[in-house]
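Down below is the structure, laid out as structure tokens.
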Amino acid sequence: MANIGVIGMAVMGKNLALNLESRGYEVAIYNRTHSVTEEVLRENEGLNLVGSESIEKFVGLLERPRKIIIMVKAGNPVDMTIESLIPYLDKGDIIIDGGNSFFRDSERRYRSLKEKGLNFVGLGVSGGETGARFGPALMPGCDKEVYQEIKPYLESIAARAEDGLACSAWLGTGGAGHYVKMVHNGIEYADMEQIAETYFLLKNLGGISNLDQADLFDQWNKGELSSYLIEITSNILKEADDTAKSGQLLDYIEDISLQKGTGKWTNLEAVELGVDSSVLAAGLNARVMSMLKDERIKASHVFSRPQPNLGGMEIEELKDVARQALLATKIIAYAQGFALYKAAGAAYGWDLEYDVIAQIFRAGCIIRSSLLNPMMEAFKNNKDLENLMLDPYFTGLLEENIQGLRDFVTLAVQNAIPVPAMAAALSYFDTYICENGSANMIQAQRDYFGSHTYRRVDIEGSFHHEWE
Ligand code: ATR
């Protein structure tokens, strides 16, 4: 009998099934449109895959308790697939949704299946097609005992970090896994945006060519900034264009970026929980603004811009300032991401372990980077760390690099170069380290027009003043 089943033979489902098969499991596969199943079987003859045309037969192929991974389009198709399975399942069977589902849907599915005696796992999967096939980062949310049952499968297909630890671990019940994946994507948007801003300033103010930037990113990839996204950025900058036959492909790609929604969810959630996610929001808003291409063209003819001026900064210095700015912004973006995990843990009753989250992100996923090792250590050393920036290692890194971020943002502002993520990171940092901020004025205004009262710094209690 098959050890595990996968429903949905599109890119992600097929590659997860092949990954499982390559680890020694017999895998049953099913797709709504049967011809797709047949094609997968044909393409992979000789492998330990079995297919079926009906859901009933597919379920019948599986050993008990059944473990079924659903990899279909997020939203209603997941509910429809679950509904179609229920009549054929037995108590204790495990349904694993590995799609990009909204965590509240996973929470709902977890609860309603529990009432029926069925187990549900909301599984965040990161790493795209290659990750799914050869080692993704896996973020499961389910009952702890259920994780024990699926652990051998998940840990055998997951990516492994350099220390050999698998990028899969139990994160919490119900929606916890998809929540962790959602914020992962929010951080991913921010990570990508910071890199884009760096490239843009180095190009437009520094006049640094794509190829020279490729070398620079390559060099950065050997240090603290080492990450998958920095590595692919270097490759992207080098890629020649074979259509126009000159220059690099990057220069021919339209500056309009698209999105699928998880970055939006992260920011809606941040607003909901009252967490400042400004750097993550900048990653989202930059994409939103990029869509306004026609308006941007119009506005660029309406308003003038200052003449580019490096203010006497040498190119080598500019490169180092950019490195520092990237590093500082990255730390601050993660500080915001982990603040979201903290708030969610409290709001939804998950006991999220931040060191485990950092551990999972270290390989297989898009935001994998060497900085995740000290992040894992930071949360391991202090489970109650209020903010990543207050961990001694990250405090030290910020002390070393924050001036670079300040110089970078200053240059950008003076030269009308948009750096929303970098500027947001700096403002968040400056706000966070400000012992006495400006909110006394807000409170005074609130009390002035709405009698909302204020607290005093010198006397206990709540006060209202007759302002006029
Ligand atoms: P990808 O992995 O490429 O990102 P996706 O768009 O997330 O794919 O999911 C596509 C899969 O969802 C397909 O297997 C599709 O089945 P078909 O080949 O029959 O289209 C499946 N899917 C979409 N809607 C579905 C539904 N209502 N019920 C069952 N499966 C559905």
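The values are calculated or read from the model by the stated rules, or taken from the named source; none is laboratory data. Just so you know, these numbers come straight off a predicted model, no measurement behind them. Neighbour counts run over all protein chains shown; Cβ positions are idealised from the backbone, glycine included.
Scanning segment 360-383 for residues that are assigned to a helix (DSSP H, G or I) and of a type in the set (Val, Ile, Thr) gives a single hit, Ile360. Mind checking whether some residue in segment 200-208 is out of contact with any Cys (no Cβ under 9 Å at 6 or more places or on another chain), in a helix (DSSP H, G or I), of a type in the set (Gly, Ala, Ser) and touching a residue at least 60 places away in the same chain (Cβ under 8 Å)? No, that holds for no residue. Enumerate the strands (runs of 3 or more DSSP E) found wholly within segment 11-96, keeping only those where 3 or more residues are within 16 Å of the ligand (Cβ to nearest atom). Where strands (runs of 3 or more DSSP E) fall fully within segment 11-96 and carry at least 3 residues being within 16 Å of the ligand (Cβ to nearest atom), they are 27-30, 67-70. For segment 243-281, enumerate the residues that are surrounded by 11 or more Cβ atoms within 10 Å (Cβ to Cβ), at pLDDT below 95 and farther than 30 Å from Phe102 by Cβ. Those that are surrounded by 11 or more Cβ atoms within 10 Å (Cβ to Cβ), at pLDDT below 95 and farther than 30 Å from Phe102 by Cβ: Ala244, Gly247.
So which residues in segment 309-359 are outside any helix (DSSP H, G or I), exposed (fewer than 14 other Cβ atoms within 10 Å of the Cβ) and not polar (S, T, N, Q)? Full working, then the answer.
Filtering segment 309-359 down to residues outside any helix (DSSP H, G or I) leaves 309-314, 349-353.
Filter once more, keeping what is exposed (fewer than 14 other Cβ atoms within 10 Å of the Cβ): 309, 311-312, 314, 349, 351.
Of everything in segment 309-359, those that are outside any helix (DSSP H, G or I), exposed (fewer than 14 other Cβ atoms within 10 Å of the Cβ) and not polar (S, T, N, Q) turn out to be Gly311, Gly312, Glu314, Gly349, Asp351.
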